[in-house]
């Protein structure tokens, strides 16, 4: 059964600008922590520590926290195409979900109209 959907009710952009900005910030933080954080951990594990230029025990204790801050700032600093791709993917999913909901509403309305147009059941003769 094909359901006719009014194109004016189909959502094109169900995500508000504020929600998109919040999603973009979260995606930037994820990209920063996952990719830049991993890069910084690898860099720290491969670094050669000399006699000079090393922060001592304090650096060793707090370098993981410092790397987390660096990764977060790096993720927020420069726009990365990956974070834009994550935001676009979530937006397309939201648009698709809104379109499915609208099609379901249209199908339900059409079914209710068809049911209302049918003749009532005649129990004695077992006919519609």
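Every number here is computed from the coordinates shown, using simple stated rules; none is lab data. These numbers were taken from a predicted model, which means no experiment stands behind them. We place every Cβ from the backbone using ideal geometry, glycine too, and count neighbours over all the protein chains shown.
Going by the structure shown, is residue 92 surrounded by fewer than 16 Cβ atoms within 10 Å (Cβ to Cβ) and either under 20 Å from residue 23 (Cα atoms) or within 12 Å of the chain's Cα centre (by Cα) (or both)?
Yes: the conditions hold for residue 92.
Among the residues of region 110-120, write down those that are part of a helix (DSSP H, G or I) and surrounded by fewer than 11 Cβ atoms within 10 Å (Cβ to Cβ).
112, 113, 114, 115, 116, 117
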